[in-house]
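Here the structure comes first, spelled out in structure tokens, and everything after it is commentary.
The values are calculated or read from the model by the stated rules, or taken from the named source; none is laboratory data. All values derive from a computational prediction rather than experimental measurement. Because the Cβ atoms are built from the backbone with ideal geometry, glycine has one as well, and the counts that use them run over all protein chains shown.
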Amino acid sequence: MIKLGPRATALSVAGMGLLLCMLALLWPEPKENRPFTLAVGVWPGMETLTLAREQGGFLDSRFNFVELSWTSATMMAFENRVVDGAVMTLDEMLRLRSGGHAIKAILVLGLPQGGDAIVSLPDLTKLTDIRGKRVGVELRASGEYFLAKALHSVGLTTSDVTLVPLNLAEAENAFEQKELDALVTNDPIRERLLKKGAHVLTDSEQIPADLYRVLVVRQDLTTDRQAELRSLIKIHFATLPVLRSGKPETAMAAVLRRERLNRIEFQRVVNRIVDISREANIRLLTPGSESLESALSKTATFMKAQGLLDEDVPLQGLLDANFVKGGSEP
């Protein structure tokens, strides 16, 4: 019989404890007990959901919010099944589908009109001035797609600039330190940088890019978590007027802290977003001539031509209007 010394025994006990912890983490929790986990980024149009959390009474233990400051982190969390849903753009949705993920868009939150932009130092005055310059951009995110669209509009490609990969959490500081000549960004960072002297070379109002923000969830959850998904959509429409009015101020205070904007700046930001009503949502998410199918197809074609997608992406079944059809808009 092999006898273990005190040190070996302690290590064995510690190892067993570690093994049990790992098994506890890996052992699947029953679906009915697991909260629906939503990735929450800092984009003004999705503050309807965080506002509901601050007001209380809207969200319960069925929901868990995970705050992720940049898109690439959200995408990674979705790919690794850390989160069940996230707000993203159509191009980001196509990247997930290209990776083999079964997903559906169940809500269109808004369409930015100018909120996505390429900003620069004051010495650059037009988009073609960024040829050969250092351009900060978050790769595998909507910024990379928007940059390609913008450059294409003036006969340039990403090979005509020096790409500086970074996430949005790093971008603002890098731009302020003049480590970049230009930056692909969106609100609220766009608004904050303009206050510090940045110049807008172009934005999503000038460059049609179909940068709709949609709530994307795992396909299996459209069957397993129907009640939670309908609740999220109801919450969005219920708090949208509050977000627009900026009242009550006590609830809005938390939103302003997250966005790092004052009330006037935040109102400018939300005014650059076209809200999508429940009726418009139904049209956009129902296959047909008025749906997002055309925008998805055009986006996929452009991304493949630009090397942002390696292959054709199946577009069937990406849209689901069933959850916005229930109930009337508040």
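Observations, loosely collected:
- Flag if T89 is within 22 Å of P44 (Cα to Cα) and of a type in the set (S, T, N, Q): yes
- A single member of V242, V217 is more than 23 Å from V269 (Cα to Cα), touching a Leu at 6+ places or on another chain (Cβ under 7 Å) and of a type in the set (V, I, T), and it is V217.
- Residue under evaluation V274, criteria (1) in contact with a helix residue (DSSP H, G or I) (Cβ under 7 Å, 6 or more places away or on another chain); (2) in contact (Cβ under 8 Å) with a residue 12 or more places away in the chain, criterion not met: (1)
- Residue selected from region 168-187 under the condition in contact with a helix residue (DSSP H, G or I) (Cβ under 6 Å, 6 or more places away or on another chain) and surrounded by fewer than 23 Cβ atoms within 10 Å (Cβ to Cβ), by the criterion farthest from L68 (Cα to Cα): L180
- Hits in region 269-296 (condition: more than 21 Å from K325 (Cα to Cα) and buried (at least 16 other Cβ atoms within 10 Å of the Cβ)): V269, V270, R272, I273, A295, L296
- Answer from M88, M93 - the residue that is in a helix (DSSP H, G or I), at pLDDT 85 or above and within 22 Å of T222 (Cβ to Cβ): M93
- Test set (1) of a type in the set (G, A, S); (2) within 20 Å of T223 (Cα to Cα); (3) without any contact (Cβ under 8 Å) to a residue 12 or more places away in the chain - G317 fails condition number: (3)
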